[in-house]
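Just so you know, all these numbers are worked out from the coordinates, no wet-lab data involved. Keep in mind it's a predicted model, so treat the numbers as computed, not measured. So basically every Cβ, Gly included, is an ideal-geometry build from the backbone, and we count neighbours across all protein chains shown.
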Amino acid sequence: MDLKIVLLGPPGSGKGTQAERLTRELGLAHISTGDLLREAVKSGSELGSKAKSYMDAGELVPDDLVIEMVGEKIRGLDDGYVLDGFPRNLEQARDLERITEVDAVVDLRVDEEELVDRLSKRRTCDSCGAVYHLRFNPPEREGKCDRCGGQLYQREDDSEGTIRERLRVYRENTLPLVEYYREKGVLIDVDGARGIDEVFQEIIDRLKERD
Ligand code: AMP
């Protein structure tokens, strides 16, 4: 399938997890702006040094930086993709339209207290990026990635204060995109508060229904 999918939804709603499953199942590319920005920070590039303070504070990185980064990625692709974490405001959505049309926008709905719990117990592998939850999906050996043995760490922006700020930023900037895409007739809204498999199956079913 040559689909172009956007994953909306607040931080902690499972965008990364579902994007990974979708890309595996449907043979699409995964474009996560959060991952790309974290890589840029790690590599010490100019983009990374410009983005870091915004990310640590839970704020959005300025649009021009993110849009250029996404544009470059998308133009290099022939096939479909899942955009995870982009667009995050109206400006970015309009810019995306100038580059490409999207087929479906999946919104994962999860309430705020559940999001805070998920994010504060989230651990990420510093080597392969695999994501764990200390209660629901703990690693077999404490602090080590099951997949590659890498070291697990807590993202700097997954501390409680920054989580609250990220949720505020989401409500103010990203939430309006739900109605924006609903009006365009491409929105698929899914209850994201269920297990990973159930949420995934519903996304697949609803994508099929569109055809
Ligand atoms: P995420 O991994 O999607 O939670 O993103 C982590 C952080 O990267 C966010 O809190 C923002 O600081 C930054 N970021 C990711 N995607 C975007 C975007 N589309 N626009 C602006 N900032 C972004």
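Overview of values
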| quantity | calculated |
| --- | --- |
| Rh by Kirkwood over Cα pairs, then Stokes-Einstein D for the range 119-182 at 0.890 mPa s and 25 °C, µm²/s | 185 µm²/s |
| Per-residue Cβ neighbour rank within 10 angstrom, fewest leading, Thr174, Thr23, Thr100 | Thr100, Thr23, Thr174 |
| Calculated [θ] (222 nm, deg cm²/dmol) that DSSP helices of n ≥ 4 give over the chain, each run adding -39,500 (n - 2.57) | -14500 deg cm²/dmol |
| Neighbour-count order for Lys52, Lys4, fewest beta carbons within 10 angstrom listed first | Lys52, Lys4 |
| Long-range amide H partners of Ala130 with built H, under 5 Å | Cys125 |
| Size of electric dipole in the chain: Cβ of Lys, Arg +1 and of Asp, Glu -1, about Cα centre, debye, nearest 20 | 460 debye |
| Around Pro87: net Lys/Arg minus Asp/Glu count, Cβ-Cβ under 10 Å | -2 |
| Long-range HN-HN contacts of Ser32 with modeled amide H, under 5 Å | Asp84 |
| Length released on extending from Asp56 to Asp2, taking residue separation times 0.36 nm less the Cα-Cα span | 15.9 nm |
| Percent RCO, i.e. relative contact order, over the chain, from Cα pairs under 8 Å lying at least 6 residues apart | 29 percent |
| Order of Phe136, Phe200 under a 10 Å beta carbon neighbour criterion, fewest first | Phe136, Phe200 |
| Kirkwood hydrodynamic radius (C-alpha pairs) into Stokes-Einstein, the chain, 37 °C and 0.692 mPa s, D in µm²/s | 187 µm²/s |
